[in-house]
Every structure is written in structure tokens, then in C-alpha cells.
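Peer 1: Please read through the structure below; I'll follow up with questions.
The values are calculated or read from the model by the stated rules, or taken from the named source; none is laboratory data. Just so you know, these numbers come straight off a predicted model, no measurement behind them. Using ideal geometry, Cβ is built from the backbone for each residue, glycine included, and neighbour counts are taken over all protein chains shown.
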Amino acid sequence: MDANVDGKMLLPPDSQSVDGIRIMDEIIWPDYLSINYIMRNPPNFSNPTEFRNFTLMVKEMEKSKNSLGSAATMHWVKDYLRYLANPHATKLDVFFGISGVEANGTVYMENGLDMSQFDFFINTEPYTAWKLGTRYMRDTQNRIVITSMLLIMGYNGTSSLSDKAKLLRSCREICTRYAQYDMIPFDTDAELIDVILAVPSTTINTVFFTFGAIGAVCFIFSFNIGASILAIISVVSISTGVIGFLQYWNCFLDPILMVAILITAGLSIDYTVHIIFHYVINDYTDNVQRINASLEACALSMLQAGISTFLIMFPVLFAPIGIYAVISKAIILTVIFGLLHGLFIVPVLLTALPNCFAKCLPNCCIKH
């Protein structure tokens, strides 16, 4: 199940914001999406080795998946090379693309970038725009030193926040490989992307903790390992079925569904633990008699609880706001799989267990 966050799930269908989200997902992001790399420890561009390494890193980033290449790459060095090639170009020349090509990069790759003209460059239109994306100072020898800078890369093929999360994760991996530059990829949805990336592991850890807590509580009340294991297996089976069918029901893993999955784990135990505990405390020795007595004790109430929950949540399926429908889907599937396990699967498994594995011990709490 893919992790994603869809803003349309939080909005009524007639909201104008829905059209805005659709335009971003279907038109703008698939064609162009910029990622801003904040470089907090730029290289010494006057040093030929460091300048070459920086250039090679940029070329590698331009060859990454979904990258638009050098045509969509923006950083002050590219404009500075253009300036060095034609320092007298006017603003209109640059705007209409008649300012000439970049300076011969091979020379600077061998000798390092000539930073002596940087002051004139950064104060010449239209290059003054780089003042907002470039920080610099002068060293003790009055040489220009770039202290931080902005590197902008263009990408395509993004159609959702899930795709953007995958893209930003790959960007972070590149930054990790070039740790000497202390780079951070930034996007306006970075906080949501961090949530998307954290949801799968958080969900798995929380669900496993829930399963363990259920098993511990069952054992405390029954002092029966067999019954506790069966309760855990039943809850895991119900939760797995619910999650699997939610995927085919056009749901994706987000914080809302994560909460719904936890609700599922909490509700599913009600459909299995009653039949298990009634079976454990039963005094009959014959398995068939024990399961019949257990079903007589709790089957009707279990069925009534399931049907009433289903009837309450079914209308919510048609709610105009998506998050309500997601929770309704999870609870309805929990009812269906819970009744299936509580009335059929668990009784069959209980009758297949030897009495020694499904018998209440003398100090069993549920007998008192």
C-alpha cells in the first residue's frame, strides 16, 4: 500500500481548493517541479579541483531519474560564466537570449573560477536576483568566498505527494553522498513529505505493539498461552484482511488510515476474545459441547454488535468528505472479518486444539 497524503480527502467536493490540488497534481507537477538545494558549505570555486568536483556533482544530479537536465538547472555559476563571456550584455540581451554563450568552462575547470569579477556580476541586472540565493564574504586576502548558495533543479513526472516524497528521498540520498557540501533539498511540502515517509514505519511499529499488548492482556486474564496466541493470530488475520481490502478499495496509507488501522486492531479483538474466553472457562470435556456452549453464550450478542455497528457506519460511506469514508470502510471491513473469524474460523481452530492448550488454569482471573 502506497503512502500518500491527498488534500482532497479533507475537502468537500465543491471546494475551489479541490480544483487547485487537481491542477497541481495533473498539470503543473507532471511537467515541472523545482527542488531547491540549500548548500551551506559550498566549495572554493577558485580551486580547480573543488570546482571540477562541484561540476561533476551537478552533472550527476542532472542525470538522475525524472530530472529535466541542464536546461532546467539554475545556480549563480552558470550565469557568472555567461557574464564572463559578455560582461557588457544588457538586461534585454540576457532576457532575449542574445547575451552569448557561457564562457569556456574548460579553462576554468583547469584553473579554477575567476572570482575577481563577482562583485560586478552580482550587482549587474538581471543577475542581482542571485543576491537572494547567494551569501558571500571576503577573506583576509580580500578574495570572494561563497559561504552559502542556492542550487535549483527541475524535475518532471510527479503527479502526487507520494511521487514527490519518493523524489525528495532520492534527492536527500544524493545530498548524503556529497556530505562535504552540507546540502539540504527543500520543497514547500517538505513537512508533509516527512509525514508520508514516516507513516509506514510508524504504522508497523504501532500495530506490532498493539498486537503484543493484546497478547499480554489475554495471557494475564487467562494464564493460557494457547488462547493468547490464538487471540493474537485472529487479530493479525483480521487486520491483514482489512488492510488488504482497503488497498483495493482505493485507499492509501496516510495518517488518517493509520488511525483507522489502529481502530481496526482495537475493535477486532472484541470479535474473537469473547468466544475464546467462553471456550477456555467452559467445564465441558467434549470439544463440540464446549464450542456449542460458547456460541450459545456470546454468538447472538456478537452478531447484534456487528450488525448494529455496520448499520451505523454504512451511511458514512457516502459522506462527501473522504476521511469519513475511509474510517467507515475500515470499520465495516473490521465488522465483516471480525464476524467471520468470531463465528466460524476461531471456533474451528478451538475445536482443533487439544484440551490442554485451551483450558483455564486454577488461578485463571476470568473464572473469578
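Peer 1: Just to be sure, is Phe211 surrounded by fewer than 21 Cβ atoms within 10 Å (Cβ to Cβ) and farther than 26 Å from Leu257 by Cα?
Peer 2: No, not satisfied.
Peer 1: Residues Ile233, Ile238: which one is among the β-branched types (Val, Ile, Thr) and touching a His at 6+ places or on another chain (Cβ under 7 Å)?
Peer 2: None of the others qualify; the one that does is Ile238.
Peer 1: Can you name every one of the strands (runs of 3 or more DSSP E) wholly within segment 132-199 that holds 2 or more residues which are closer than 24 Å to Leu68 by Cβ?
Peer 2: 144-155, 183-186
Peer 1: Which of the residues belonging to segment 82-101 are within 44 Å of the chain's Cα centre (by Cα), surrounded by 17 or more Cβ atoms within 10 Å (Cβ to Cβ) and either at pLDDT 70 or above or assigned to a loop (DSSP other than H, G, I, E, B) (or both)?
Peer 2: Passing the criteria: Arg82, Tyr83.
Peer 1: Would you point out which residue out of Asp182, Asp163, Asp119, Asp139 is surrounded by 15 or more Cβ atoms within 10 Å (Cβ to Cβ) and either in the same structural domain as His75 (by TED's automatic domain parsing) or on the phi > 0 side of the Ramachandran plot (or both)? Spell out how you get there, then give the answer.
Peer 2: Working: Asp182 fails: surrounded by 15 or more Cβ atoms within 10 Å (Cβ to Cβ); Asp119 fails: surrounded by 15 or more Cβ atoms within 10 Å (Cβ to Cβ); Asp139 fails: surrounded by 15 or more Cβ atoms within 10 Å (Cβ to Cβ).
Result of the check over Asp182, Asp163, Asp119, Asp139: Asp163.
Peer 1: Against the conditions (1) of a type in the set (S, T, N, Q); (2) outside the structural domain of Leu56 (by TED's automatic domain parsing); (3) in a loop (DSSP other than H, G, I, E, B), where does Ser234 fall short? Just the number, please.
Peer 2: Failing condition for Ser234: (3).
Peer 1: Six or more apart or on different chains, Cβ atoms under 8 Å: show the pairs whose first residue is in segment 259-278 and more than 10 Å from Gly342 (Cβ to Cβ) and touching a residue at least 12 places away in the same chain (Cβ under 8 Å) and whose second is assigned to a helix (DSSP H, G or I) and among the charged types (D, E, K, R).
Peer 2: So the pair list comes out as Ala260/Lys329.
To keep it simple, each residue is scored yes or no on (1) aliphatic (A, V, I, L, M); (2) surrounded by fewer than 17 Cβ atoms within 10 Å (Cβ to Cβ); (3) out of contact with any Gly (no Cβ under 8 Å at 6 or more places or on another chain).
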{"position": "Leu300", "(1), (2), (3)": "yes, yes, yes"}
{"position": "Ile307", "(1), (2), (3)": "yes, yes, yes"}
{"position": "Val316", "(1), (2), (3)": "yes, yes, yes"}
{"position": "Val326", "(1), (2), (3)": "yes, no, yes"}
{"position": "Phe337", "(1), (2), (3)": "no, no, no"}
{"position": "Leu343", "(1), (2), (3)": "yes, no, yes"}
